[in-house]
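The values are calculated or read from the model by the stated rules, or taken from the named source; none is laboratory data. Model, not experiment: these values are computed from the prediction. Cβ sites come from the backbone with ideal geometry, for glycine too, and all protein chains shown count toward neighbours. To get the accessible areas, we keep the full protein, side chains included, count just its heavy atoms, and leave off ligands, DNA and RNA. Shrake-Rupley method; radii C 1.70, N 1.55, O 1.52, S 1.80 Å.
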Amino acid sequence: MIKTPFVLLCAGEDSGDVLGEGLVSAVLQSGLKACGAGGSRMLRAGLEPLIDFEELPVSGFGDVLPRYFRLRKLYNVMSAALRFPECVAFVAIDYPGFNMGLTILAKKLNKPVLYVAPPQVWAWKHSRAKKLQGVKLAVLFEFEKEVYEKYGCNVGLLRHPFAESSSEQPRTLGLQQSLEQSRTSAENAFLLLPGSRQSQALRNLNFYLNIVKFGKKNPIKILAARASLVAPFEKSLKLFFDGTVPEGFSVQVVPTNAKDRAQLFASACGALAAPGTATLELALSACPLVVATVPDRLTYAMGKMFVRTDSFAMPNILLQQKVISEFITPSGACKTNVRGGIFEQILSALENCKKDSAIKIAESLRQKLQGGKLPLEFLGQVLQREAH
């Protein structure tokens, strides 16, 4: 049992771990302990783990159901920690499957809550906004702030942790130099970012490999969101190529440092990525990209019924137009042993991705992401309530 005052934090996937790193640092700066669920970045910042982060990243109804009882046990550990009298506040980071329940519990316990990157109520489940009334919300995008304000929520804008790091890349190179590099990019890698949730990522990876085997001549780098995904990705790669992986294919962990990620993305000749934080980071780095995913059939069916948005790639949502091609193909809906169909469509979209257009998209996105408060400012507001 924890016997000193602490803040409980919960991030359940790698995008939340990126946001959580600064929040853990803010908690420690306030003189409190930081405990809970988080990945390598939050652990490096000083988080004391209560559960195994590696078990948390899951995607879609079809992937969650087989692991329900194990996830429920992990949730019970977190809810028990929230009830400790030493727990002075709760910081939720995305991951609504856990964090909505923990947030409601914290409200019942009259403990202050900061919810960073709360549920996307603008896309579906609008009723969750009402449940978040009385909770301090920190969102990354102005349009999200406006939506939550309509529901009477206490919401502020958090400074995007990647926007500043990525802004150095195209501006430092300059437009003409960037275009010249793209013309001689035969040695530059083409990136595959299949996602951070293992089952979903493996479906995407197999789909991506069927695309790049037809038309990409650059070195192919498969980026794993964390170290534990490297071995499954390498195994999938060997299986796809019947045990002999062609030269030029490699798997590596994506850099944890934002500036290193921005440099890697900016130097690539292009990318194929799953929806999520990575698409925005790639676009901010002026990397030409296409977004594609292969959800399980149950998730695809539920999405068709309930999701109310024309786009699922964050750059398109932010700019309110389809500046980046995006594809959703339900599992089993395409043949993987023939050339044609969806593969040709995505290859065509990749060929139409140009560096000059990517730079313009990056500049437009940066204008959308100006401003916002630092994590320490949000945390201070929440802990101030506890002091009173």
How many residues of the stretch 208-222 are hydrophobic (A, V, I, L, M, F, W, C) and open to solvent by 10 Å² or more (accessible area, probe 1.4 Å)? The answer is 1
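Answer yes or no as to whether residue 342 is open to solvent by 70 Å² or more (accessible area, probe 1.4 Å), at pLDDT 65 or above, under 18 Å from residue 272 (Cα atoms) and touching a strand residue (DSSP E or B) at 6+ places or on another chain (Cβ under 9 Å). Quick ask: steps written out before the conclusion?
Values: open to solvent by 70 Å² or more (accessible area, probe 1.4 Å): no; at pLDDT 65 or above: yes; under 18 Å from residue 272 (Cα atoms): yes; touching a strand residue (DSSP E or B) at 6+ places or on another chain (Cβ under 9 Å): yes.
No: the conditions fail for residue 342.
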I'd like to check something: does the stretch 294-317 contain any residue that is in contact with a Cys (Cβ under 6 Å, 6 or more places away or on another chain) and at pLDDT 90 or above? no
Could you check the stretch 253-292 and list, in sequence order, the residues that are open to solvent by 40 Å² or more (accessible area, probe 1.4 Å) and in a loop (DSSP other than H, G, I, E, B)? 256, 257, 275
Please give the number of the condition residue 199 fails out of (1) modelled with pLDDT under 85; (2) closer than 23 Å to residue 277 by Cα; (3) not aromatic (Phe, Trp, Tyr). (1)
Any chance you could count how many residues in the stretch 191-212 are among the hydroxyl-bearing types (Ser, Thr, Tyr) and on the phi > 0 side of the Ramachandran plot? 0
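For the stretch 124-196, please list each of the helices (runs of 4 or more DSSP H) lying entirely inside it that holds at least 2 residues being at pLDDT 80 or above and among the aromatic types (Phe, Trp, Tyr).
Numbers: elements: 127-131, 142-150, 163-173, 175-183.
Once the helices (runs of 4 or more DSSP H) in the stretch 124-196 are filtered for at least 2 residues that are at pLDDT 80 or above and among the aromatic types (Phe, Trp, Tyr), what remains is 142-150.
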Taking first residues from the stretch 218-244 that are at positive phi and second residues anywhere that are surrounded by fewer than 17 Cβ atoms within 10 Å (Cβ to Cβ) and of a type in the set (Phe, Trp, Tyr), the pairs with Cβ under 9 Å that are 6 or more apart or on different chains are none
Scanning the stretch 1-39 residue by residue, those in contact with a Lys or Arg (Cβ under 8 Å, 6 or more places away or on another chain) and buried (at least 19 other Cβ atoms within 10 Å of the Cβ) turn out to be 6, 7, 13, 14, 17, 18, 20, 21, 27, 39
So which residues in the stretch 345-370 are open to solvent by less than 50 Å² (accessible area, probe 1.4 Å) and either closer than 21 Å to residue 117 by Cα or of a type in the set (Val, Ile, Thr) (or both), if there are any at all? 346, 359, 361, 365, 366, 369
Which residue pairs have Cβ atoms under 7 Å apart, sit 6 or more places apart or on different chains, and have a first residue in the stretch 246-275 that is more than 23 Å from residue 203 (Cα to Cα) and a second that is open to solvent by 50 Å² or more (accessible area, probe 1.4 Å) and among the hydroxyl-bearing types (Ser, Thr, Tyr)? 256/40
Checking residue 250 against (1) in a helix (DSSP H, G or I); (2) open to solvent by less than 50 Å² (accessible area, probe 1.4 Å): exactly one of these is not met. Which one? (1)
Which of the residues that make up the stretch 207-227 are in a helix (DSSP H, G or I) and over 15 Å from residue 193 (Cα atoms)? 213, 214, 215
Any pair with Cβ under 7 angstrom, 6 or more apart, that starts in the stretch 95-118 at a residue that is over 19 Å from residue 70 (Cβ atoms) and assigned to a loop (DSSP other than H, G, I, E, B) and ends at one that is modelled with pLDDT of 95 or more and small (Gly, Ala, Ser): 111/89; 112/89
